[in-house]
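Enquirer: The structure is given below, and queries will be raised subsequently.
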């Protein structure tokens, strides 16, 4: 049960990221993993939720390269995590155009800055699935 | 919901655009809505005092029905400000049909206006902060559709040339529409080599950013018969929501059109073969490809190959977006109302050089958010009843 007077879903998520962990939730009634963090599980409506720490491995579901004027091209990708949920993220340490659908990637915590909370990014995992 | 609605129980009797393109400084979105409303009333011969229901959604006006009712000095009995992005107006048709069928109102106006070119897209449609997406700096909504295109290309062999075909077809149609924003021809090479925005999309894969608006007037089939223009009947409607943020879209290659389309076809009692013209919300070049598939006109995955070699250009296999679409005619932020206006005009036979012969049934499909809401309306002439 999430007590929103004490802790928000995003708050718990960020606490994990500060420790270098990528946390997600599972509905204990139907066993399904979901993302983004919520106070109730989508579909079942269950409030019987469990936080788990991901092993950090996923696969690129789709990808784009955004072009802001006067900046280097930037990757934005959707990552399917091995635990069965999807998130938007970015694959770093590689030319954005070389981020390919099906590529295996590994989680790394980005620390954020004064304006942005920590968030997960990914790097090539060097394996194929 | 649509099981309760009766095929042909209401009709569009008036339809009009506001001024389009770049309007005079300080013009407000409600100025454009009001201008379009009175033009649409003139189109059918009804008066402002006849209007007893108002349906409004806009990005720059938070409480649309209130703002337009105040501006026009009317007190509608029924009002609805459902805001689900560019498909809001198709949903308004369905909601107006419920209200008219139930006898809650008689004459409904659906209106829209935007000055996004004048004030900038960022000012006209500020995006909500999302802690799970905003840090990655996608250019939304463009990057969401770009990722759908990338997945479709990966899964089905769709190419950037196929996407460019959609832009070129839209431009060819636009050159036959005096109201279209774009006036110059476009080639596949020009589209492919244009400035890259969010791979695989160049600026030519993306809709226009212009000012504009529109309005349509609907009433019961019985009352429609006595008005100036031939009624355009609402044969079928369908609507669905599948997600809000792109991260939560279940399958990037399948839109909710696969749900709204069958609802609308079932209610209309027609099949794809009966549809002579399609008005498909083309915010980006991938969307007509997805909607041709999801609405059942092309097998899943074949949309790219279908649009190749001028498949949806003038003289092609299927008449799609004869106005020139959001890509070349007009895209004032939420384009769904103008998507319907072209289909309505085709059924009336008012489209001049670009008129599709014998267009007794036309389909208008709206898309909102990041493929989030999908709404389909099938229009028909008296012959289709």
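The values are calculated or read from the model by the stated rules, or taken from the named source; none is laboratory data. Keep in mind that this is a model prediction, so the values were computed, not measured. As a convention, Cβ positions derive from the backbone with ideal geometry for all residues, glycine included, and neighbour counts pool all protein chains shown.
Enquirer: Please state which one of B:227, B:218, B:235 is surrounded by fewer than 21 Cβ atoms within 10 Å (Cβ to Cβ), away from chain A (no Cβ under 14 Å) and either in contact with a strand residue (DSSP E or B) (Cβ under 6 Å, 6 or more places away or on another chain) or not in a strand (DSSP E or B) (or both).
Expert: Only one candidate passes the filter, namely B:227.
Enquirer: Conditions: (1) touching a helix residue (DSSP H, G or I) at 6+ places or on another chain (Cβ under 6 Å); (2) modelled with pLDDT of 95 or more. Residue B:343 meets all but one. Number of the miss?
Expert: Among (1) touching a helix residue (DSSP H, G or I) at 6+ places or on another chain (Cβ under 6 Å); (2) modelled with pLDDT of 95 or more, residue B:343 violates only (1).
Enquirer: Taking region B:238-264 only, how many residues are closer than 18 Å to residue B:288 by Cα and more than 14 Å from chain A (Cβ to nearest Cβ)?
Expert: Going through region B:238-264 one residue at a time, the tally reaches 12.
Enquirer: Would you check if there is a residue in region B:225-243 being outside the structural domain of residue B:328 (by TED's automatic domain parsing), farther than 23 Å from residue B:342 by Cβ and either without any contact (Cβ under 8 Å) to a residue 12 or more places away in the chain or under 18 Å from the mean Cα position of the chain (by Cα) (or both)?
Expert: Yes; the residues of region B:225-243 include at least one that is outside the structural domain of residue B:328 (by TED's automatic domain parsing), farther than 23 Å from residue B:342 by Cβ and either without any contact (Cβ under 8 Å) to a residue 12 or more places away in the chain or under 18 Å from the mean Cα position of the chain (by Cα) (or both).
Enquirer: Would you check which residues across region B:266-309 are assigned to a loop (DSSP other than H, G, I, E, B) and touching a strand residue (DSSP E or B) at 6+ places or on another chain (Cβ under 9 Å) and list them?
Expert: Residues satisfying the conditions are B:269, B:270, B:275, B:276, B:281, B:282, B:283, B:285, B:295, B:297.
Enquirer: Continuing with this model, one more query. Can you pull out every residue in region A:19-59 that is farther than 30 Å from residue B:200 by Cα and in a strand (DSSP E or B)?
Expert: Matches in region A:19-59: A:23, A:24, A:25, A:26, A:27, A:33, A:49, A:50, A:51, A:52, A:53.
Enquirer: Residue check: is residue A:23 under 23 Å from residue B:250 (Cβ atoms) and more than 13 Å from every other protein chain (Cβ to nearest Cβ)?
Expert: It is false that residue A:23 is under 23 Å from residue B:250 (Cβ atoms) and more than 13 Å from every other protein chain (Cβ to nearest Cβ).
Enquirer: Might you check whether a residue that is within 23 Å of residue B:157 (Cα to Cα) and modelled with pLDDT of 95 or more occurs anywhere in region B:260-280?
Expert: Yes, the conditions are met somewhere in region B:260-280.
Enquirer: When you look at residue B:95, is it assigned to a helix (DSSP H, G or I) and free of Cβ contacts under 8 Å to residues at least 12 places away in the same chain, yes or no?
Expert: No, not satisfied.
Enquirer: For region B:151-162: of the residues being facing chain A (nearest Cβ under 9 Å) and over 26 Å from the mean Cα position of the chain (by Cα), which is surrounded by the most Cβ atoms within 10 Å (Cβ to Cβ)?
Expert: B:154
Enquirer: Follow-up question, since we're still on this one. Suppose we filter B:128, B:70 for residues that are assigned to a loop (DSSP other than H, G, I, E, B), without any contact (Cβ under 8 Å) to a residue 12 or more places away in the chain and surrounded by fewer than 17 Cβ atoms within 10 Å (Cβ to Cβ); which single one remains?
Expert: Being assigned to a loop (DSSP other than H, G, I, E, B), without any contact (Cβ under 8 Å) to a residue 12 or more places away in the chain and surrounded by fewer than 17 Cβ atoms within 10 Å (Cβ to Cβ) holds for just one of B:128, B:70, which is B:128.
Enquirer: Next up: Could you list all residues from region A:81-112 that are within 11 Å of chain B (Cβ to nearest Cβ) and crowded, with 17+ Cβ neighbours inside 10 Å?
Expert: Listed by number, the residues that qualify are A:85, A:86, A:87, A:88, A:89, A:90, A:91, A:96, A:99, A:101, A:110.
Enquirer: Residues of region B:293-305 being out of contact with any helix residue (DSSP H, G or I) (no Cβ under 6 Å at 6 or more places or on another chain) and either surrounded by 21 or more Cβ atoms within 10 Å (Cβ to Cβ) or over 17 Å from residue B:252 (Cα atoms) (or both), which ones?
Expert: B:305
Enquirer: Looking at A:88, A:97, can you tell me which residue is closer than 20 Å to residue B:245 by Cα and assigned by TED's automatic domain parsing to the domain that holds residue A:123?
Expert: Result of the check over A:88, A:97: A:88.
Enquirer: If we keep just the residues of region A:113-124 that are more than 11 Å from residue A:79 (Cβ to Cβ) and modelled with pLDDT of 95 or more, which is farthest from the other protein chains (Cβ to nearest Cβ)?
Expert: Only one residue tops the list, namely A:124.
Enquirer: Also: Just to be sure before I move on: is residue B:191 free of Cβ contacts under 8 Å to residues at least 60 places away in the same chain, more than 14 Å from every other protein chain (Cβ to nearest Cβ) and assigned to a helix (DSSP H, G or I) in the structure I sent?
Expert: yes
Enquirer: List the residue pairs whose Cβ atoms are under 9 Å apart, where the first residue sits in region A:64-85 and is not assigned by TED's automatic domain parsing to the domain that holds residue A:38, the second is modelled with pLDDT under 95, and the two are 6 or more positions apart or on different chains.
Expert: A:82/A:129
Enquirer: OK, next. Going by the conditions given, is residue B:145 under 18 Å from the mean Cα position of the chain (by Cα) and either within 14 Å of chain A (Cβ to nearest Cβ) or in a helix (DSSP H, G or I) (or both)?
Expert: Here the answer is yes, as residue B:145 does meet what is asked.
Enquirer: Quick one: how many residues across region B:21-45 are surrounded by fewer than 21 Cβ atoms within 10 Å (Cβ to Cβ), in a loop (DSSP other than H, G, I, E, B) and touching a residue at least 24 places away in the same chain (Cβ under 8 Å)?
Expert: Final tally of qualifying residues: 5.
Enquirer: Quick check on region B:137-150: of everything there that is touching a strand residue (DSSP E or B) at 6+ places or on another chain (Cβ under 6 Å) and crowded, with 21+ Cβ neighbours inside 10 Å, which residue is nearest to residue A:89 (Cα to Cα)?
Expert: B:138
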